[in-house]
1. Go through the range 56-92 and count every residue that is touching a Phe, Trp or Tyr at 6+ places or on another chain (Cβ under 8 Å) and not polar (S, T, N, Q).
2. Return yes or no: is Arg130 within 23 Å of Thr88 (Cβ to Cβ) and surrounded by fewer than 14 Cβ atoms within 10 Å (Cβ to Cβ)?
3. Which condition number in (1) over 27 Å from the mean Cα position of the chain (by Cα); (2) modelled with pLDDT of 95 or more is the one that Gly222 fails?
4. Where the second residue is of a type in the set (Val, Ile, Thr) and not in a loop (DSSP other than H, G, I, E, B) and the first is under 22 Å from Gln49 (Cα atoms) and free of Cβ contacts under 8 Å to residues at least 60 places away in the same chain and lies in the range 152-180, which pairs have Cβ atoms under 8 Å and are six or more apart or on separate chains?
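The values are calculated or read from the model by the stated rules, or taken from the named source; none is laboratory data. The model shown is predicted, which means the values in this text are computed figures rather than measured ones. With ideal geometry, Cβ positions are generated from the backbone for all residues, glycine too; neighbour counts draw on all protein chains shown.
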Amino acid sequence: MKLRTQRVAIIATLLLGAITCLGGCATTGMERAAKTTNKVQTVEGDIQQAVVQVDTTKASLQELIKPDQVDVKKAYDAYAANVARMETIGKQLDKHTDQMNSLGKDYFAEWEKQGDKYSNPQIRELSEQRRAELSQVYAQIPQASVGVKGALRSYMTDIKEIQKYLSNDLTPKGIETITPVAQQAIKDGDNLKDAVKPVLSAMDRAKAEMAQGITEKGSAAGGRQ
C-alpha cells in the first residue's frame, strides 16, 4: 500500500511538471527579442575585447622587434602569450557571431509565423510592417561585417606565423628579416580596428530598436533582473 502511494505521488509530480511547462515553457516575442539582444551584446563585447587585444598584441610585437631590445626571450614570450590570447578571443567571436545570426533568423521567422495568425487584417499588416522594418535594421549588422571576419582571420594567420618564424630563429638577423612583415601585420591590426567600427554602430542601432519595455531613462519597465 505504501509503495502504491509513493508511485501515485511520483506520477502526480511528473504530471504537474508537464502541465507547468505547457503553460510557461513557450517563449514570448519579448523573451526571444531579449535573448537575441543579449547575444548581440555578447558579440559586441567580444569585438571590443578583440580591439583591446589587437592593441596589446601590437605593443608586444613592437617591443619584440625594436632594434635595442636587450631581453629578446622575454619579449618573445610576452608576444607569444598575446597571440594565444588573440586566438582565443577570435574563436569566441566566431562562435558567438554564428549564434547571433542564428538567433536573429529564428526571431524574425517566428515573428512572421505569429503575424500570420492575426484575424484582424490591420493588425496583421502592422505586424508585418514592423517586422520588416526591424529586420532591415538587424540586417545591417552582417552587411557591415562583410570582410571583417576574413580580415580577422588573415591578421590571426600573420601574427601566428610571425611567432612561429621567430620560435625557430630568435636571432638578431632573424628578427631583422621578419620586421617588415611584422610592421605590415601591425598596420593590418589597425585596419581591422577601423573595420569593426561600422559593425558596432549597427549593433547599437539594432539593440535600440529591439529593446523591450525600456523607459526613457533606460531602465526596464517594472524592473530588470
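1. Step one: of the range 56-92, the residues touching a Phe, Trp or Tyr at 6+ places or on another chain (Cβ under 8 Å) are 57, 60-61, 63-64.
This time we only want the ones that are not polar (S, T, N, Q), so: 61, 63-64.
The total comes to 3.
2. For Arg130, the condition - within 23 Å of Thr88 (Cβ to Cβ) and surrounded by fewer than 14 Cβ atoms within 10 Å (Cβ to Cβ) - is not met.
3. With respect to (1) over 27 Å from the mean Cα position of the chain (by Cα); (2) modelled with pLDDT of 95 or more, Gly222 is out only on (2).
4. From the range 152-180, the pairs are Asp158/Val181.
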